[in-house]
Amino acid sequence: MGRASQTQAQENRQRVVETASRLFREQGTQVSVADLMKAAGLTHGGFYKHFASKDALVDEATGHAFTELGRLHTAGLERHAGQREAAQRELIDTYLSVEHRDNAADGCPVAGLAADMARASGHHEAHRIYAEGVRAFADALATEDQDGITRLCTMLGALVLARATKDSPLAEEILTTVRAALTETGTDSLG
């Protein structure tokens, strides 16, 4: 019976991390522990059985979000038989899509967590994880003609502006224009 309880506890902990990862990207890290646990289908009192503090959960949820991002990139490479340029094009198309714009909870942690990382005081683990995740994402976007930092910043800016102008025609124009600028063959205007 102890094993089943330990297994259930691990599953509950993972559910909290996954739920936090989604909620933090969608609503920010200011989401209360009570609301987070409710969204995970667990009691508020159970939180401290799994985590020493909310900061510890922010650290782990940030890591989870970037692990998901890495898996998406790896899956894209596998779908395109290792052809990096084709995988990048698919990634850019997905990133700069209406679906991604409208679904922050399952979206990019670079965009979803940026404001919270900028506002957070202290230098906790989440900042390190975030910086490493940004670097890895930028490296995955680099080409011979365009550096990854410029491409990532361009994509991130377009996504944030498209989300901020969601209810206007400008939102889709931003996504379409930037997607074309980043995926046109031979374009080196951004790098």
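The table that follows gives values for the structure above.
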quantity	calculated
Student exercise, the chain dipole from Lys, Arg, Asp, Glu Cβ charges, in Debye to nearest 20	800
Options VAL178, SER53, ALA86, ranked by Cα towards positive dipole end of the chain, top entry (Cβ charges)	SER53
Between helix 125-141 and the chain: long-axis angle, C-alpha atoms, 0 to 90°, nearest 10	30
Nearest-ten-degree value, helix 148-164 long axis tilted from longest Cα axis of the chain	70
Packing-based ranking, highest mean first, of 57-64, 154-161 given that Cβ atoms within 10 Å are counted	57-64, 154-161
Bins of 5 Å, starting at 0 and running to the largest distance - Cα pair percent for the range 53-183	2, 10, 20, 22, 20, 14, 8, 3, 0
The chain - mean residue ellipticity at 222 nm from DSSP helices (-39,500 (n - 2.57) per run, n ≥ 4, rounded to 500)	-23500 deg cm²/dmol
Extension gain, HIS124 back to LYS38 (0.36 nm per residue minus Cα-Cα distance, nm)	28.4 nm
Rounded Å value of the spacing that divides the Cα centres of the range 10-63 and the range 77-133	20
Long-range amide H partners of THR143 with built H, under 5 Å	GLY148
C-alpha long axis of helix 109-119 to longest principal axis of the chain, angle in °	70
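Read-outs throughout are calculated quantities, based only on the coordinates presented, and are distinct from any laboratory measurement. The structure displayed is predicted, hence computed values, not measured ones. Heads up, the Cβs are rebuilt from the backbone with ideal geometry, glycines too, and the neighbour counts pull from every protein chain shown.
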